[in-house]
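See below for the structure under consideration.
The values are calculated or read from the model by the stated rules, or taken from the named source; none is laboratory data. Remember, predicted model here, so these are calculated numbers, not experimental data. When we count neighbours, we look across all protein chains shown, and the Cβ atoms used for this are built from the backbone with ideal geometry, even at glycine. For accessibility, only protein heavy atoms count, side chains too; no ligands or nucleic acids. Shrake-Rupley method; radii C 1.70, N 1.55, O 1.52, S 1.80 Å.
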Amino acid sequence: MNATIENAPPVAQDDSVDDMLLWWEAHRFLHYEADLLDHREFDAWLSLLDEQIAYRMPLTRNVRRDAMAQEYSGKQDAAWFDEGIDTLRQRVAQIKTGIHWAEEPASRVSHLVTNIRVLDVTPDEGGGDLVRVRSRFLIYQNRLQAEVNQFVGKREDVLRRRDGRWTILSREIHLDQNVLLSKALTIFF
C-alpha cells in the first residue's frame, strides 16, 4: 500500500489567496465591469477606474521556448495600449460623439471573464487593500452584417479596495494572438 502512495504523481498546489469572500467580491466586480462594457455604459465603466490607472496591452511575439520571457513586449517597448485615465476618457468621449468611423454603427460586444484567481493582497498606503487578480477573457465583437472579431487572452489586474469601493488601479492585458485581424481596436478589455 505504501508503494502506491510513494509512486503517486505530485498534487498541483494552488497558491492563490484562500479567502472565499474576497474572491467572490473580486469576481462580482469583474463581472459587473464586463456587463457595463457590454451595455455600452462607458461613463459608469470609467467610474470603476482609479485616477492612477495604468492600462496596458503589450504586443505578443512568437518566441522560442527558451525565450518565453520575451513573449510580450516590455514596459519600454511598443504596445497596443499603454494608457492612463485621461486617454481612456478621451477614447470614451470619441466613441460617444456618434461620428467615430469604427463605432458607427456601434459594435455589439460580449465580454466573458473567467478563471478569476486572487493572487495576493497587500495593504494600500491610503488605507484599504491592493488585490492582485488574474483572469482569462473571451471578447466577441460584431459590427455591421459580417464584421466579427474575437479576442482571447489573460489579464492581470491590481484592484484597489477602499471603504467598500473597488477600482481598477492597473490592468495588463495579454492577447493569445500576435496578429490582430480586426480593422480597428476600439473595444475595452
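Things worth noting here:
- Helix 20-38 axis, angle to the chain major axis (alpha carbon atoms, nearest 10°): 20 degrees
- Spatial separation of Cα centroids for the range 57-104 and the range 4-33, in angstrom: 29 Å
- Kirkwood hydrodynamic radius computed over the range 40-189 comes to 16.8 Å, based on all pairs of distinct alpha carbons.
- For the chain, built as a Gaussian network whose Cα springs stay under 10 Å, the top-fluctuating residue of 175, 30, 22: 22
- Taking the protein heavy atoms of the range 1-115 in the context of the full set of protein chains, the accessible area attributed to carbon and sulfur is 53 percent at 1.4 Å.
- Take every pair of alpha-carbon atoms less than 8 Å apart whose residues are at least six positions apart; their mean separation over the length of the range 13-81 yields a relative contact order of 22 percent.
- Relative contact order (%) - criterion: Cα under 8 Å, at least six apart; region: the chain: 22 percent
- Taking a Cβ cut-off of under 15 Å around residue 97, the surrounding Lys, Arg, Asp and Glu residues balance to a net charge of +1, with basic ones at +1 and acidic ones at -1.
- Distance (nanometres) between label positions extended 7 Å along Cα→Cβ at residue 119 and residue 100: 2.9 nm
- Distance-filtered residues of the range 153-189 - backbone nitrogen under 18 Å, label point 7 angstrom along residue 144 Cα→Cβ: 181-187
- When 32, 140 are compared by accessible area of protein heavy atoms, the largest-first order is 32, 140, using a 1.4 Å probe.
- Per DSSP, loop trypsin sites (Lys or Arg not before Pro) in the range 24-87 with at most 13 further Cβ within 10 Å: 61, 64, 75
- The alpha carbons of the range 1-101 give a radius of gyration and a Dmax of 21.2, 72 Å, in that order.
- The heavy atoms of residue 23 offer some 70 square angstrom of accessible surface to a 1.4 angstrom probe.
- Considering only the chain, percent of DSSP beta bridges that pair antiparallel, nearest 5: 90 percent
- Electrostatic bookkeeping for residue 126 treats Lys and Arg as +1 and Asp and Glu as -1; over the other residues with beta carbon under 13 Å from its beta carbon, the sum is -2.
- Each Lys or Arg adds one and each Asp or Glu subtracts one; over the other residues with Cβ under 13 Å from the Cβ of residue 75, this totals -2.
- Mean accessible surface per residue for the range 1-139, computed with a 1.4 Å probe while every protein chain stays in place, in Å²: 65 Å²
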